[in-house]
Each structure stands twice: as structure tokens, then as C-alpha cells.
Amino acid sequence: MTRAQVRAWLQQRTPAPPAALAEQLAQAVTDSELPLSEHLAEQGRALLASVLARPEAGRELALRLLAADAFVTYACEAQAEADTFRLDALARQIAT
């Protein structure tokens, strides 16, 4: 999916996230060859990794951590929309 397609999908979510979180999500999105759910999961994992890489940091990473959580949540939502039978596989992918 293109970055624009992912952003459009995110903008359709209800309830909408707070503006600061929505902006963090929009900034983090990239193009990807992966299906939407897998791409969102990878975005979440990447943001989480960036938070974990800075153990000395504090509250300044809170929004990034919330965005990581939101991406994983949206990944599950996208997978449920596409094929609920693959939710378990997606959860395993996220956990690794």
C-alpha cells in the first residue's frame, strides 16, 4: 500500500484519535508491499523499537509509544476486516 492509502485508511477510523496522535501516526506511515494489517503491525514494531532503543528517555517518547500501540491495534482491526481467521497469525507475527 502507498503511504497515501494507509493515511486515508487511518483517517476513516472511528473514533478518531486525538490530533497529536493522529499526526504522529501520519508522520510514521511509509509505503509498503505488505498487506495493510502486516504493514501497520510493522509500523508499530518499528516505533516500539525506537522507544526501547532510548531507555534513558522519559515522557518525550510517550506519544511515540502511544502511536506504536495504536498501530498494533489498527493492525488487528485491519486484519479483522480482511480475514478474521488470520488474526492469530498476525498476533504471532507481532509478538516476535
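None of the figures in this text is laboratory data; all of them are computed from the coordinates on show. Since we're looking at a predicted model, the values are computed, not measured. We place every Cβ from the backbone using ideal geometry, glycine too, and count neighbours over all the protein chains shown.
Scanning segment 53-85 for residues that are more than 14 Å from residue 26 (Cα to Cα) and hydroxyl-bearing (Ser, Thr, Tyr) yields 73, 84. Within segment 39-69, the set of residues being touching a Leu at 6+ places or on another chain (Cβ under 6 Å) and among the small types (Gly, Ala, Ser) comprises 67, 68. Given the structure, is residue 65 in contact (Cβ under 8 Å) with a residue 12 or more places away in the chain, under 15 Å from the mean Cα position of the chain (by Cα) and farther than 17 Å from residue 96 by Cα? Yes, satisfied. In segment 23-39, which residue that is in contact with a helix residue (DSSP H, G or I) (Cβ under 8 Å, 6 or more places away or on another chain) and more than 18 Å from residue 50 (Cα to Cα) is surrounded by the most Cβ atoms within 10 Å (Cβ to Cβ)? So, considering only residues that are in contact with a helix residue (DSSP H, G or I) (Cβ under 8 Å, 6 or more places away or on another chain) and more than 18 Å from residue 50 (Cα to Cα), the one surrounded by the most Cβ atoms within 10 Å (Cβ to Cβ) is 37.
When only residues in segment 68-96 that are more than 13 Å from residue 44 (Cβ to Cβ) and surrounded by 15 or more Cβ atoms within 10 Å (Cβ to Cβ) count, which is farthest from the chain's Cα centre (by Cα)? Going through the qualifying residues, I end up with 86.
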